[in-house]
Amino acid sequence: MIFAYDLTWILLLPTLGGVLAMVAPVRLSRWLALAFSAATLVLSLWIFLRIAVATGYHFGSVTDPKADPASIDVVQLPWIQFQLGSVAFRIDYYLGVDGLSLPLVILNALLTVLAVIGGWEKPRVKEYMALLLLLEAGVMGVFMALDLLLFFLFWEVELAPMFLLIGIWGSETEKHGMPGRIYSAWKFLLYTFFGSIFMLAGILLVYFQAGQNTASLPVLMQHLLPASTGVTLPLLGVTMGSQLLAFLLVFVAFAVKIPMFPLHTWLPDAHTDAPTEVSVILAGVLLKMGAYGLIRICLGLFPDGLQQFAPLLVVLAVINILYGAAICLVQKDMKRLVAYSSVSHMGVILLGVAAAAMAIHTSNPDVARFGTAALMGATVQMISHGLITSLLFFCVGVIYDRAHTREIEIFGGVAKRMPLWATLFTFAGLASLGLPGLAGFVAEYMVFTSSYRIWPVPTAIAVFTMILTAAYLLWMLKRVLFGPFNLRWNWLPDASWREAIPLVTLAAFIVLVGVYPGFLLDVIVPALHHLLPVATTALGR
Amino acid sequence: MYGLYEYAWLILAAPLASFVVIVFGTRMADLWSRHHGQTAQDYAAYLREADPAFAAWEATRGAGGHAEQQHAAQAAGPAEGTAHVGHGGEAEHQEHHGDPYDDDPTVPYLTPWAKLSGYVGIVLMLFACLYSWLLLFASLGLLPGTPRLPEGGITLFSYTWGSDAAFQPYTIAFHLDNLALAMTVVVTTVSLLVQFYSQGYMASSAGYARFFAYLSLFAFSMLTIVFAANFLVIFVGWELVGLSSYLLIGFWINKRAKPAEERPAPASAALQAFVMNRIGDVGFILGIMILFATTGTFDFATLAGSGPHGVAQAFAGNQALLTLAMILVFCGAIGKSAQVPLHTWLPSAMEGPTPVSALIHAATMVAAGVYMVARTFALFSAAGPQAFGVVAWIGGITAIFAATIGLTQTDFKRVLAFSTISQLGYMFVGLGVAGTEIGPGAGMFHLFTHAFFKALLFLGAGSVLHALHHAMHREVQDMRLMGGLARFMPITAATWLIAGLSISGFPFLSGFYSKETLISLAFEHGDYALWAITLVTAGLTAFYMFRAFFLAFGGKGGALGGIWGGPYRGEGTPHESPVTMTLPLVILAVFSIFAGYWVGFFQYLDPHAPLLDLGKLFSDGLTWLGVALSLLGIAWAYVLYCAVGWERVHKVVEANAVLRFFHRLLLHRYYVDTLYDWIVRYVVLGLCHVAAAFDRFVVDGVVNGVASLVMELGSGLRRAETGKVQAYMTVFFGGIAVFAVVVFVLATLR
Amino acid sequence: MDLASLIFWIIAVVLVAAALVVVGQRNIVHSALALVVVFAMASGIFLLLNAEFIAIVQILIYAGAVTILILFALMLTRIAGQRVTNPNARPLAMAVALVVSALVGLGIIFAATVSQFAQSAPAAQLLQGTVCSLPSNNVIAIGQLLYSPSCYSYVLPFEIATVVLLVAIVGAIVISREEE
Amino acid sequence: MGLTLTHFVVLGAVLFCIGLYGALTKRNAIAILMSIEIMLNAVNITLIAFSFFNHVKPYSNLLTGQIFAIFIITVAAAEAALALAMIIAIYRKRQTVDVGEIDMLKW
């Protein structure tokens, strides 16, 4: 029975909550949304605790057939099966969580709860809550799906609520002759669709080339596509390894979502025009979908393709990191600045993955160890960026709700009137610039120090982002919070308790991950070890 | 066995605990009581009385100038306080639309919670200080029943970032040895004295609790560096002291820039400090990356060891790379210790409260670079001689560079800032020229003595500024508005004189031992150019220190030929500071005199190093050459500023073209700040603008271009949709006809 | 040439001529009158094909009812001072229409005469065959086909057609009713 | 030679063409309606002719063609009524029956 699995309920609870929030009266609808999102969070935490207790904090990998069943949580039921001539088709209802996806599931549940609290006083609150919860369900599906076609389904499901959330509650600033919310919503939708087309083609290519009559990720990982023999592209006449081709097709979708350099311009627009809580979800979990797909699917299914592409990937990563940071330095809008800082920070993930890609088939144990560490750093960066950028967006949202502007220059010395908010905003900025003891440092330090062994020159160049990051974040903080007080803002009240809840919660998590990353790393590591099967022995000593 | 030492982590934990207690406990209570307690009304009443501008402003708000009436009550009790007794530069304020209470917010009285914050910080720091002194005595073998520390030190505690094997290098580990202990003593002692002193200095500051929280955070971060067992932890501490420095420089968050005095706003100075440090840190982390990539470990002991992960073995045959790595690591020290290309942040950092300047920007944090080089001394030794060469030469150049700038500055604190930069240069010379047989002792010895007398100089300066602030009701740092202060504040003047003599290398004071040792080391090392530089710098140091002393405390016509007192050029009547401020001065003066008599210092740090040979020091003619140069500097300062008077000196300089040129050059700090400003504004930001434009017009332009192309195509094609049914019908039947023709043709052909 | 052929050719020529008048006349009332001729001649063709019932229906509905309707509509939509009441489209459009309709017509004729489809055996037999005998009066047969309640009849479509007619009547009233 | 199905089919085709031409070129909506009636008649002729000449087993002797013609006439009558009503309604609104001016069916 499908309802007997807790993973089903992780999908169902937000969906149900969304529907109920939609039909319930307004006053009840917020509480319903809060209750259902909180229930989802509790359920995901319960899964976490159950596995942790049952196995003594040893999390498995869902793609590993030899994994201890207690260390993962999987549900697999047949869903769609049909035969069309010689073509057999099969899609399974195949969900699973392991050390790689569970933190992201929890992060998603947490951020949704915070977003519900943050959006408590939105206009048209019923629809808002409903869409937020449906969005949560879609993203949950992406993180849990283990059937590629199911993955694709959820990848698309998430789009609709996001499109509406940006399009309805977004900002009215005119862009290209239409309200910004419309422009940005369409841009977001079209970009993602653009990627999705390629991803579907790639998934179908894998499905038919592998000939396993299933799109199940663990099965396909046992039957990788040939790396050397390949397909000849029609019209172009170019022959390439079918694994590389499939990788490139699927990668386009992830590159859009991450977002990677030439495909990133939807992000600043979407962030600037989305309402605060939607920006939070967008930066906190939607970008992670791309990174998660890159690690789970590209690294798992196309190791050779990824390796062949790695030299280009590392170049793109460095461009992402430095280019994003350089653009931040001249932004006039706080939210846009944070958005571009996301571009920069997500580049770190690309760098880590590019380093890990070189460690896949290496016979050099050194390279293998450093590659593993870089991949772990990249994974931690997913979580820490989710926490930190969400905090930054919440902070910007607080001032935007009061002042109705996010322009950096017209503030000044606001810390005087809003000490609590200023403290948290500064905290967020410092976390984002990679201050030790906070989450961002752990990830960036691991990625930079490890990937240097594999990509010395690109990493050495990328490290200069440390200067730029510090410069743009602190410069923004200086212009907004410190310096001569602009009397115009004398009326500003400090953050209210309701606004402070998300801020403080996220700050606490950031400190926790920064000071003792072990509790997170120990969860993630086994899944990554399965992806990089080279035996990793102790580094150093 | 090492029970007493094992608990040394308490020294680290104490400031962290006080930070947490203040931030989440007493400061919260302080804020809350000021917002909601009885004080809120008192406070508004006080403001109305103290400053007519506030009352006027409140009246306009009451008249409904703003829609946000409900916030009016809050305006009366803002968090950081609003009142400020007086402020300079009225005209400058008129240009801005800010409120007039920005500069240095004061409160009528401190709440009990604020006071409690201070006591928490001081008590916990007192504990840390006493404990570190206890450990110091124990490690010297003076404590019966407790053994000395083993040569490699002991690990206090450690945990890895993850239980997986891959995380083993990523270990947070703290480690205690003699080097760390010597530094700990300096840090905790100066911290304690500065915190004690701050009770008086910050007595009316609105951010009293916040200040103590930051000081505790700083002490914790600095001790993290000190106890670091590997590059990861030292980098953590490195960044955290950067953070506390940032927070403390920008402590007066709303204070304005003072263009007339070339003083930036504290917020800008803080930003500059952090970013400048980050530039050095990039080099630092690049060096760490090279070391880690080659050896696979961050651990100092492992790196220095002879195992497969030690640099000796890992870099075998590739010493050039190790040299490069160490030079890059030294970049971190350049940034943190304000050495030459990255020195501009330290003078700006003087915008922070003076106790902060004493603690962070003179005694401890800026010396972290020196400490770090000392800590990694074995790695520098393993690298090529160029590594030490770079250290020594950067130090030497910085020493004379900053000393020359110090000659002309008129800002009291800024003279001390350049003096600090110059002295840090000395320390690097000491590290660079020492060689493996002496070890890091020489540089660290100067760090040790310098910490006390430089802290004293700054705290004395703070005492002066405090007095002048009360006398003139505005912030005065310009020495031209001082003079003859020795009459008003004898304790400050006397202790300052001791410190000044000490830093000038006056015989038998602590500075004499550490500095003359350095200079003679440079000579022995055969680096005669460096030796000459350090020698000249010693003379310059003596000159500008006494220039400052005579300008501030003495003057033409004072007692003792102008040394003690003279004409006071400011307004009002300054008074000696309260005992909370003078007591630390006296204690530090004692240290400034006697710290140099620890002759076993070199050996304490490195058991293989020789004792400091006092006999050789006294008998060596070169030593006395240095002393003579210093005395010459002092004498020359006396001639110019006590016998001639600064106004006439100034006239002479202005009259002579060559002197005027050099005076301008030095006064504007060789225009390095201007150059950096230009680079940032036009090169860096220019490139960023180019990137942003590229993003907007090329990357996004292509996307939008494709979109509008499709749109154009669509709107072109929709012209086909005429709305005329007949047209549709024509096309429909035309299609049928064409289809029919095609079918027939195909059928016929078949 | 037998009598049937003679009648066929006379009717066909008149029919085509009347149709051309309908299309070509610039006065729309003349067109409408020519349309009556078209309907009547078509009815003659139906008689020739032994479809007496349809021929009668044709006269009743088309020549009678529909023509009257058209004439009423013409009356109601007259535009004062307009001399050319049945204007043509622009010459280019007319040329295109000519080509298109000629192609369609030629296509049908080609298909029915010389194309391979017309040459195939059953089609050739059908197309080239002569008149076969049917019961001269097939009204009864049609009646049985339309109304008999057996399984092989058109009762249901017939009933639907009546509903369609009803809807059309109501719809026509609703649409053309003047708004208050 | 007697009459064959071809005669009637060709007659129907010619008539259809004329109707089509009229429907494509006339600008008066009523004239278009009349042209369409011609086309419907052409189709009726073809249908009845097929019904008459159909002696190919097993479809011979069936009156299906005639039945179809009846339905076509029925629908044509309904169509004429509705179309004319619409033309009148449009005329009331826009004072024209020129289809060139009735071009609301676009974007």
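Taking a cut-off of 20 Å between Cα atoms, list the lysines near residue A:257, but don't count ones fewer than 8 places away on the same chain. Candidates past the 8-residue exclusion: A:187, A:288, A:335. Rolling a 1.4 Å probe over the heavy atoms of the protein chains gives the protein assembly as shown an accessible area of 36 Å² per residue.
Just so you know, the Cα atoms of segment B:384-667 work out to an Rg and Dmax of 18.9, 60 Å.
Name the shape class, rounded, prolate or oblate, that the alpha-carbon gyration tensor gives for segment A:226-366, where a ≥ b ≥ c are the square roots of its eigenvalues, rounded holds for a/c under 1.5, and otherwise prolate holds if a/b is larger than b/c and oblate otherwise.
It is prolate, given that a/c is not under 1.5 and a/b is the larger ratio.
Among the protein heavy atoms of the protein assembly as shown, carbon and sulfur supply 70% of the accessible surface, probe 1.4 Å, non-protein parts ignored. The helix-only estimate of mean residue ellipticity at 222 nm for the protein assembly as shown, built from DSSP H runs of length n ≥ 4 each weighted as -39500 (n - 2.57), is -22000 deg cm²/dmol after division by the residue total.
What the phi angles of segment B:438-454 give under the Karplus curve with 6.51, -1.76 and 1.60, with θ = phi - 60°, is a coupling list of 8, x, x, x, 4, x, 5, 5, 5, 4, 4, 6, 4, 3, 6, 6, 6 Hz, glycine and proline written as x.
Counting only other chain Cβ atoms within 10 Å of each residue's Cβ, the peptide C:46-55 averages 6. For segment B:156-176, a drop of 40 Å² or more in accessible area on going from the chain alone to the assembled protein chains (1.4 Å probe) is found at B:159, B:161, B:164, B:165, B:166, B:167, B:168, B:170. Which entries in the list A:416/B:336; B:413/B:556; B:115/B:454; A:175/A:416; A:416/B:413 go over 25 Å, if you measure between the two C-alpha atoms of each? Going by Cα-Cα distance, A:416/B:336; B:115/B:454; A:175/A:416; A:416/B:413 fall outside the 25 Å limit. Multiplying the residue separation of residue B:316 and residue B:681 by 0.36 nm and subtracting their alpha-carbon distance yields 127.0 nm. Shielding by partners for peptide A:313-324, expressed as the average number of C-beta atoms from other protein chains within 10 Å of each residue's C-beta, is 1. Less than 5 angstrom separates the built amide H of residue B:206 from those of B:106, B:107, all sequence-distant by 5 or more or on a different chain. Residues B:547, A:498, ordered by accessible area of protein heavy atoms at a 1.4 angstrom probe radius and largest first, appear as A:498, B:547. Coordinate range of the alpha-carbon atoms in segment C:25-73 per principal axis, descending: 35, 19, 6 Å. Classified by the C-alpha gyration tensor, chain C has an oblate form. Its axis ratio a/c, with a ≥ b ≥ c, is 1.5 or above, and a/b does not exceed b/c. Per-residue 3J(HN,Hα) values for segment B:354-363, derived from phi via the Karplus relation 6.51 cos²θ - 1.76 cosθ + 1.60 with θ = phi - 60°, read 4, x, 5, 4, 5, 6, 8, 9, 9, 8 Hz in sequence order (x marks Gly and Pro). May I ask for the angle, rounded to the nearest 10°, between helix B:412-434 and the longest principal axis of chain B, with both axes built from Cα atoms and the value confined to 0 to 90°? Helix B:412-434 sits at roughly 90 degrees to that axis. If you sort C:20, A:12, B:136 by accessible surface, 1.4 Å probe, largest first, the order is C:20, A:12, B:136.
When chains D and C come together, the accessible area they lose, probed at 1.4 Å and totalled over both chains, is close to 7100 Å². Excluding ligands, DNA and RNA and using a 1.4 Å probe, chains C and B jointly bury around 700 Å² of accessible surface, summed across both partners.
Between A and B, buried accessible area from a 1.4 angstrom probe totals roughly 6600 Å², ignoring ligands, DNA and RNA.
Close amide-amide hydrogen proximity is noted between residue B:258 and B:263, B:265, each under 5 Å apart and 5 or more residues distant or on a separate chain (H modeled in the peptide plane; Pro and chain starts excluded). Using only the Cα atoms of segment A:1-134, build the gyration tensor, take square roots of its eigenvalues as a ≥ b ≥ c, and label the shape rounded, prolate or oblate: rounded if a/c is under 1.5, else prolate if a/b is larger than b/c, else oblate. Since a/c reaches 1.5 but b/c is at least a/b, the shape of segment A:1-134 is classed as oblate.
Shown here for segment B:645-750: GluC sites (Glu not before Pro) in loop regions (DSSP other than H, G, I, E, B) with at most 13 other Cβ atoms within 10 Å, namely B:721.
Our coupling estimate for segment B:283-293, obtained by passing each phi through the Karplus curve with A = 6.51, B = -1.76, C = 1.60 and θ = phi - 60°, is x, 4, 6, 5, x, 4, 4, 5, 4, 5, 5 Hz, Gly and Pro reported as x. Here the Debye sum runs over all C-alpha atoms of chain A as equal scatterers in vacuum, and log10 of I(q)/I(0) at q = 0.07, 0.08, 0.13 Å⁻¹ comes out as -0.36, -0.48, -1.33. For a straight C-alpha distance cut-off of 30 angstrom, the lysines reachable from residue B:724 (same-chain residues fewer than eight places away being disregarded) are D:26, D:93, D:106.
Amide H to amide H, with H built 1.01 Å from N, residue A:532 comes under 5 Å of no residue 5 or more places away or on another chain. Each part gets one Cα centre, and for segment B:212-286 versus segment B:575-603 those centres are 26 Å apart.
Size descriptor for the protein assembly as shown, Kirkwood hydrodynamic radius: 39.1 Å (Cα pairs only, one decimal).
The values are calculated or read from the model by the stated rules, or taken from the named source; none is laboratory data. Fair warning: this is a prediction, and the values are worked out from it, not measured in the lab. Every residue, glycine among them, receives a Cβ derived from its backbone with ideal geometry; neighbour counts consider all protein chains shown. Note: areas computed on protein heavy atoms with side chains; ligands, DNA, RNA excluded. Shrake-Rupley method; radii C 1.70, N 1.55, O 1.52, S 1.80 Å.
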